[in-house]
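The values are calculated or read from the model by the stated rules, or taken from the named source; none is laboratory data. This one's a predicted model, so the numbers in the text were calculated from it and none came from an experiment. Note that we place each Cβ from the backbone using ideal geometry, even for glycine, and neighbour counts take in every protein chain shown. These accessible areas exclude ligands, DNA and RNA; they are computed on the full protein's heavy atoms, side chains included. Shrake-Rupley method; radii C 1.70, N 1.55, O 1.52, S 1.80 Å.
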Amino acid sequence: MISYWGTVIRRGAVGLAALVVLCVGATAGVMIWDDATAWVAALLQGTLFGLAVATVLAVAGSTSNVWQAARMASRHGLTLSPEAVPLPCAAEIRVPIPPGTTAYQLTDSVLHALKQLPDPKIDAVEEFTHGKLTLICRKSLSVPVRLRISITTDRDTATVTMDGRPTATWKRPDDGASWSVLKAFEPHVGKALHDEVNGMTAT
């Protein structure tokens, strides 16, 4: 959790630096307007004020984000990781397959398996085609998440790529919602592929 908190702070460093510069400029400008000879003191006080404001916002914002993300991860049986901060979240799975296996078969198996899960709940299926699956999850999440699953087959191997991100692209960060959905679904996607392949092999 501490490492996640540190990652959140680092991700917001540019915005905080811009805020410090803005506060320095505004505070120093007001003081210099009153007394043009006091520019050194104005810059010092402006810098101290900017740093104080940035520190308060950084601590308050990151602490709130960590708390929300930790709750989200715990709800899905996960341990919060710094990987939950960058967006989008991605994962890849490779599974050996028998000849003749189609991406559509595997996509259908994955969708069926994920629909059985009580949480995260799939609210909508945006896309379901040959090797392409796009799901929307909202319930029990701080923000709606779009999970894209792509399945390709190459002779004896199936490759699955998963991509999770908020449906609203401007939302940064998302309190670990995309990462939680991705990590909660990932083992079930792998199991669905193995079960489908084993069923085909057995027959």
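Above 16 angstrom, tally the Cα pairs of region 66-111 and express them as a % of all pairs, no decimals. Don't jump to the answer; show the numbers that get you there.
Numbers: 619 of 1035 pairs.
Distances greater than 16 Å cover 60 percent of the Cα pairs.
Evaluating 6.51 cos²θ - 1.76 cosθ + 1.60 at θ = phi - 60° for every residue in region 146-157, the Karplus couplings come out as 9, 10, 9, 10, 10, 10, 10, 10, 9, 6, 10, 9 Hz, glycine and proline recorded as x. A crude spin-label estimate for the pair residue 74 and residue 150, with each label 7 Å from Cα along the Cβ direction, gives 3.7 nm.
What is the mean projected area of the alpha carbon convex hull for region 69-203, to one decimal in square nanometres? Don't jump to the answer; show the numbers that get you there.
On the way: hull surface 31.1 nm².
Over all viewing directions, region 69-203 projects a mean Cα-hull area of 7.8 nm².
Rolling a 1.4 Å probe over the protein heavy atoms leaves residue 161 with an accessible area of roughly 60 Å². Solvent-accessible surface (1.4 Å probe) assigned to residue 75 amounts to roughly 100 Å². Once the chain from residue 191 to residue 116 is taken as fully extended at 0.36 nm per residue, the excess over their C-alpha distance is 25.7 nm. Accessible surface area normalised per residue over region 117-165 is 49 Å², counting heavy atoms of protein chains with a 1.4 Å rolling probe.
Local charge sum around residue 149 (other residues, Cβ-Cβ under 15 Å, Lys/Arg +1, Asp/Glu -1)? Neighbour charge sum, excluding residue 149 itself: +1.
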